[in-house]
Amino acid sequence: MILKKILEMIYCRLLNKPKKVYLNEKVFLMKYDFILNSINEGRWEKEIFQYLDDYLKPKDIFVDVGAWNGVISFYASKICKQCFSVEPDTKAIEWFKENIRLNKSKNIILNEFGFANHNGRVKLYSPSFGKSISSVFQNKGFMKEEWIKVKTFQEFLNINKINKIDFIKMDIEGAEFEIFPTMIKYCNKYKPKLFVSLHLKKEIEDKKISNTIELFKIYSSFIVENEIMNFKEIKNKILKKEPFDVLCK
């Protein structure tokens, strides 16, 4: 069985063939990538897929910020009315577009830029573009760089003529702390469900912690690794400055 998987991996890489993703009764095609076996086996980002099944509805609008090659967007598109994806990494965009073509997707709109607290251009860093860890911060080993377009959250809404968002997924490798202040007014009005990967670390500035807590005040319930928390509990967890994923609702 292990040998079969290794041979399949080599075969698909050599021919650059798409592979079917089978996940929770949803099937879609993806250009072969090293994580697809993990996805099919339910080992990659399993929490977000479960939250989409539990909380995303057929008439909902879903926004995927840090969409990478589109795997979460394609999954969500099987459930919701419309998916708006945001991704600035040019290699990931190339793969995403090919995956849209392969799946003949009609309800996914790809926005080829990143989020920031201003409109303009910034540098994106990565050890290898196309991986899911590209960041606006030059972390250790992130030797490659490219200039990317960035837009504010409000400009994104304007471009796509979006009124009410029902569910936002955000995984943008630490840039979330710059975006949170720009989302507070909108989230306070519409209260979209928010799944976010918080890339907290000990040296993070107190202002960024305050911005996170201010946004989270809007919500009344939080789920971390299947544990339900209230605001006081999630605030204390944030103050520890350790990374974690959370669903705010």
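Of the residues that make up the stretch 43-56, is at least one at pLDDT below 90, over 15 Å from the mean Cα position of the chain (by Cα) and either surrounded by 15 or more Cβ atoms within 10 Å (Cβ to Cβ) or more than 23 Å from Phe222 (Cβ to Cβ) (or both)? Break it down into steps so the answer makes sense when it comes.
Kept after step one, since they are at pLDDT below 90, are these residues of the stretch 43-56: 43-46.
Okay, now just the ones that are also over 15 Å from the mean Cα position of the chain (by Cα), so 43.
This time we only want the ones that are either surrounded by 15 or more Cβ atoms within 10 Å (Cβ to Cβ) or more than 23 Å from Phe222 (Cβ to Cβ) (or both), so: 43.
Within the stretch 43-56, one or more residues are at pLDDT below 90, over 15 Å from the mean Cα position of the chain (by Cα) and either surrounded by 15 or more Cβ atoms within 10 Å (Cβ to Cβ) or more than 23 Å from Phe222 (Cβ to Cβ) (or both).
Could you grab me the full set of residues in the stretch 214-247 that are buried (at least 16 other Cβ atoms within 10 Å of the Cβ) and assigned to a helix (DSSP H, G or I)?
Leu215, Phe216, Phe231, Ile234, Lys235, Lys237, Ile238
How about the stretch 133-172: which of its residues are among the charged types (D, E, K, R), closer than 21 Å to Ala76 by Cα and out of contact with any helix residue (DSSP H, G or I) (no Cβ under 9 Å at 6 or more places or on another chain)?
If the condition is that a residue be among the charged types (D, E, K, R), closer than 21 Å to Ala76 by Cα and out of contact with any helix residue (DSSP H, G or I) (no Cβ under 9 Å at 6 or more places or on another chain), then Lys161 is the only one that fits.
Take the residues in the stretch 127-178 that are in contact with a Gly (Cβ under 8 Å, 6 or more places away or on another chain) and of a type in the set (A, V, I, L, M, F, W, C), then tell me which one is farthest from Ile204 (Cα to Cα).
Ile148
Provide a single number: the residues in the stretch 71-100 that are under 24 Å from Glu178 (Cβ atoms) and part of a loop (DSSP other than H, G, I, E, B).
3
Take the stretch 101-127 and flag every residue that is outside any strand (DSSP E or B) and in contact (Cβ under 8 Å) with a residue 12 or more places away in the chain.
If we filter the stretch 101-127 for residues that are outside any strand (DSSP E or B), which is where we start, we get 101-107, 112-113, 116-119, 127.
Residues satisfying the conditions are Leu102, Asn103, Ser105, Asn107, Glu112, Phe113, Ala116, Asn117, His118, Asn119, Pro127.
Considering only residues that are within 19 Å of Ile48 (Cβ to Cβ) and either β-branched (Val, Ile, Thr) or more than 21 Å from the chain's Cα centre (by Cα) (or both), which ones fall in the stretch 228-249? Give the derivation first.
Taking the stretch 228-249 and keeping what is within 19 Å of Ile48 (Cβ to Cβ), we get 228-229, 234, 237, 243-249.
Across the stretch 228-249, the qualifying residues are Ile228, Met229, Ile234, Lys237, Val246.
Name the single residue, out of those in the stretch 94-125 being of a type in the set (Val, Ile, Thr) and modelled with pLDDT of 95 or more, that is farthest from the chain's Cα centre (by Cα). Full working, then the answer.
Going residue by residue through the stretch 94-125, those that are of a type in the set (Val, Ile, Thr) are 100, 108-109, 122.
Adding the requirement that they be modelled with pLDDT of 95 or more leaves 108-109, 122.
On the way: Ile108: 14, Ile109: 14, Val122: 19 Å.
It comes out as Val122.
Looking at the stretch 164-182, is at least one residue of a type outside the set (A, V, I, L, M), more than 19 Å from Gln50 (Cβ to Cβ), exposed (fewer than 15 other Cβ atoms within 10 Å of the Cβ) and in contact (Cβ under 8 Å) with a residue 60 or more places away in the chain? I'd like the intermediate steps shown before the answer.
Looking only at the stretch 164-182, we keep the residues that are of a type outside the set (A, V, I, L, M), and these are 164, 166-167, 169, 171, 173-174, 176-178, 180-182.
Applying the additional criterion that residues be more than 19 Å from Gln50 (Cβ to Cβ) yields 164, 173-174, 176-178, 180-182.
Now restrict to residues that are exposed (fewer than 15 other Cβ atoms within 10 Å of the Cβ): 164.
Checking which are in contact (Cβ under 8 Å) with a residue 60 or more places away in the chain leaves us with 164.
Yes, there is a match, as at least one residue in the stretch 164-182 is of a type outside the set (A, V, I, L, M), more than 19 Å from Gln50 (Cβ to Cβ), exposed (fewer than 15 other Cβ atoms within 10 Å of the Cβ) and in contact (Cβ under 8 Å) with a residue 60 or more places away in the chain.
Condition check: at pLDDT below 95, within 20 Å of Val246 (Cα to Cα) and either in a loop (DSSP other than H, G, I, E, B) or touching a strand residue (DSSP E or B) at 6+ places or on another chain (Cβ under 6 Å) (or both). Does Glu173 satisfy that?
Yes: the conditions hold for Glu173.
Please find, within the stretch 70-104, the residue that is farthest from Thr152 (Cα to Cα) out of those that are surrounded by fewer than 19 Cβ atoms within 10 Å (Cβ to Cβ) and among the aliphatic types (A, V, I, L, M).
It comes out as Leu102.
Within the stretch 128-160, work out how many residues are more than 18 Å from Val86 (Cα to Cα) and assigned to a strand (DSSP E or B).
Summing the residues that are more than 18 Å from Val86 (Cα to Cα) and assigned to a strand (DSSP E or B) in the stretch 128-160 gives 2.
β-branched (Val, Ile, Thr) and at pLDDT below 95: is that true of Ile61 in this structure?
No; evaluated as a whole, the condition is false for this residue.
The values are calculated or read from the model by the stated rules, or taken from the named source; none is laboratory data. Computed from a predicted model, the values in this text were never measured in an experiment. Neighbour counts are summed over all protein chains in view; Cβ atoms, including those assigned to glycine, are modelled from backbone coordinates with ideal geometry.
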